[in-house]
Amino acid sequence: MTVEAHQETLGFQTEIKQLLDLMIHSLYSNKEIFLRELVSNASDAADKLRFQALSDEGLYEGDANLKIWIEVNKENRTLTIRDNGLGMTREEVIANIGTIAKSGTREFFKSLTGDQARDTQLIGQFGVGFYSSFIVADQVTLITRKAGFGAEHGVKWTSSGEGNYTIENVTQNQRGTEVILHLRPEEDEFLQDYQLRSVVKKYSDHIMLPIVMPKITTDQEKNETTIEEEVVNSATALWTRGKQEITEEEYKEFYKHVAHDFDAPLLWLHNKVEGTHEYTLLFYIPSRAPFDLWDRNNRRGVKLYVRRVFIMDDNDQLLPPYLRFMRGIIDSNDLPLNISREILQHNKQIESIRSGSVKKILSALENLASNEPEKYASFWKEFGRVFKEGIIDDFGNRERVAKLLRFCSTHDDNAVPAITLDGYVERMKEGQEKIYYITAETFAAAKNSPHLEIFRKKGLEVLLLHEQVDEWVVTHLTEFQGKKLHSVTKGELDLGQLQDEIEKQATEKAAQEFKPLVEKIKAVLGEKVKEVRITHRLTHSPACLVADEHAMDASLERLLKAAGQTIPNSSPIFEINPEHPIIASIQQENDGERFKEWALILFDQALLSEGGQLDDPAAFVSRLNQMWMTITQPASRLILPG
Ligand code: ADP
């Protein structure tokens, strides 16, 4: 049957053109990785076919012997990587090869700097895949036919990587995909049999599928040449081998295959779990965060196998969302092969595999934190923000997760989070009952907040929480080792036993003395504040805002509003420092208009210093300028902002 070719020439997405240029230049020193990427794709296609064939044997078309072939044609200067896996339809070719379907692509391009060395690292992190063919080839042809479709459904895709590609329908008897690389003139080495074998060994030995190359033997006596298929890799699942038999290099190569990552992993753990349920897990922590890490729904990192057969990689059941940075495999010995997504959701075995896996990961992190703190710090830098979600996601392991958290604090005022809750508790002062923290939008805002003044004066440590997720963490982590976590921006300053008698008396005395001033300020600020009161939490600042004991923290309120939620406006409490000269001077202010202006300026300043936004910033600036003029040029008239 002949096929209507239906040839089309289509343009790449602009990003692909850019990606190709960048890749060819950046990865040239490591060019043989193209073979790893193509073999990896072929092996994934075989895995997918095997899984789909579990419910539809017909897809094998009578040939369940899955393989990858690598062949060379020296005359045409081509290198072909062929598989009899699942194959693709025309639509799939256009979607998978002509566009970059990966999430985070735009972010990736935005993060490019033009600095070669840095961009080279980034491109590895992005995962280069099929396009790496263009590092060595000036023309790439992909011919594919989907399993279960007739021969007339073949598709041929060709491109020289210059900005467009052509696609046409062809007749293709063989199911699966072949990628034919027309090598650039300087890439002769990939036409050499021994060179190819060594690259396959190096990068793809762990691939479970046989990778075969033709072996040509000549019988001198009979003057006969025979061509046999020879398997060039070990073709056993790496994780089924004993730990002692696997080299570090092999672990790393396998990681690059499962994670589609160019860099070596930070850490791996390989365990065979025996008992009621038997399974093997081989997990990796990448050394760098992928671009789509923030997307809680994107969880394709861990693949599920049942007795060496790939089942799926896109499921939420294997690990909780806060561990979505993990990569690797779980291979179960006792799940049924024909397991469906629906069954997975309510499966006791899966639940036990999941909780066992989480425990293994937590132990690995605990070991890393105590034995290799620098490596742990690098883990924290990449994944800390996601890992913190564990406080919310994983109630059962909350205490263990809490111990693994790292924070900034006034202990060292360092912007790199290195403080543990255990360390904080050890340093707590005698009589200190609570773990104090402040939340703010940035590290600087947290570190310089007026609320910390009294704590610094008394040498009390305060955790400086400045990441968005922290707001959620503290709403769930209310206690650690029996000590309550307490926000320093909420409620009355209560230092418990840490406040001495003299201070208490001074506060009470000041409250009496400043009562008229407090009332006057309240009259000016009106609805803007819930209350005005005297405070002793300040040493350098004249005033600050605090939230009511039971109200939401101001920074959480801003966060929710920014996320589009409607939050009822809660008015803050305005606290003034009776020992501050500015407060003393406005107490002396007799001019009613001027008093009002000063009170408004103080309020806006307090709002600014805790990272809040002014309703009318221009009015604040003009008010400040006016007041300044009245001081420096007392004769000038006070023009009030409208
Ligand atoms: P990645 O493998 O990281 O997804 P690639 O650019 O290598 O990125 O491949 C894009 C997609 O093209 C793959 O996800 C797969 O769906 C499809 N693909 C690539 N090679 C093959 C192949 N040999 N057989 C079937 N599908 C393939």
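The values are calculated or read from the model by the stated rules, or taken from the named source; none is laboratory data. The shown structure was predicted, so the numbers you read here are calculated from the model rather than taken from an experiment. No Cβ is skipped: glycine too gets one built from the backbone with ideal geometry, and neighbour counts run over all protein chains shown. Side chains are part of the model used for accessible areas, which takes the heavy atoms of the whole protein and leaves out ligands, DNA and RNA. Shrake-Rupley method; radii C 1.70, N 1.55, O 1.52, S 1.80 Å.
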| message | Please report the spacing between the Cα centers of region 162-200 and region 538-572 in Å, no decimals. | response | 61 Å
| request: Please give the peptides 532-538, 408-414 ranked by average Cβ packing (other Cβ atoms within 10 Å per residue), highest first, as a rough proxy for protection. | output: 532-538, 408-414
| request: Using a 1.4 angstrom probe on the protein heavy atoms only, line up 395, 325 by accessible area, largest first. | output: 395, 325
| remark: Mean 1/r over distinct Cα pairs of the chain, inverted to a Kirkwood Rh in Å, yields 29.5 Å
| According to a simple spin-label model (label point 7 Å from Cα along Cα-to-Cβ), what is the distance in nm between residue 493 and residue 138? | 7.6 nm
| query | Which FRET efficiency value, to the nearest 0.05, is calculated for residue 475 and residue 218 with the Förster distance at 51 angstrom and r the Cβ-Cβ distance? | reply | 0.10
| Can you give the FRET efficiency for residue 415 and residue 539, using 1/(1 + (r/R0)^6), R0 = 30 Å, r = Cβ-Cβ distance, to the nearest 0.05? | 0.80
| How are the Cα pair distances of region 407-488 distributed, in percent, across 5 Å bins from 0? | 3, 16, 29, 29, 19, 4, 0
| task | Using a 1.4 angstrom probe on heavy atoms only, work out the carbon and sulfur share of the accessible area of the chain in %. | result | 49 percent
| Using a 1.4 Å probe, how large is the accessible area of residue 556, given in Å² and rounded to the nearest 10? | 20 Å²
| said: For region 238-376, take N as its residue count and report Rg(C-alpha) divided by 2.2 N^0.38 Å. | reply: 1.02
| query | Okay, helix-only estimate at 222 nm for the chain: each DSSP H run of n ≥ 4 adds -39500 (n - 2.57), divide by all residues, round to 500 deg cm²/dmol; what do you get? | reply | -11500 deg cm²/dmol
| field | Residue order for 501, 453, 426 - accessible surface, 1.4 angstrom probe, largest first | value | 426, 501, 453
| query | With every protein chain kept in the model, how would you rank 476, 580, 6 by accessible area, 1.4 Å probe, largest at the top? | reply | 6, 476, 580
| message | Looking at region 238-376 only, what percent of DSSP beta bridges run antiparallel? Nearest 5 please. | response | 75 percent
| request: Treat region 129-258 as a sphere of radius equal to its Kirkwood radius over Cα pairs and apply Stokes-Einstein at 10 °C in a medium of 1.306 mPa s; give the translational diffusion coefficient in µm²/s, rounded to a whole number. | output: 90 µm²/s
| Distances over 20 Å make up what percent of all Cα-Cα pairs in region 512-583? | 38 percent
| query | Based on the mean of other beta carbon atoms within 10 Å per residue, what is the order of 368-378, 439-449, most packed first? | reply | 439-449, 368-378
| In Å², what does the accessible area per residue of the chain work out to with a 1.4 Å probe? | 47 Å²
| message | Over 23 Å apart: what share of the alpha carbon pairs of region 502-642 falls there, rounded to a whole percent? | response | 39 percent
| task | Pop the C-beta distance of residue 240 and residue 456 into the FRET formula with R0 = 56 Å and round what comes out to the nearest 0.05. | result | 0.45
| field | Size of electric dipole in region 211-295: Cβ of Lys, Arg +1 and of Asp, Glu -1, about Cα centre, debye, nearest 20 | value | 320 debye
| Percent antiparallel among DSSP beta bridges (both partners in the chain, rounded to 5) | 75 percent
| If the limit is 23 Å between Cα atoms, which of 434/528; 429/484; 458/596; 156/303 go over it? | 434/528; 458/596; 156/303
| query | Quick one: which of 458-467, 231-240 comes out on top by average Cβ neighbours within 10 Å, and what's the full order, highest first? | reply | 458-467, 231-240
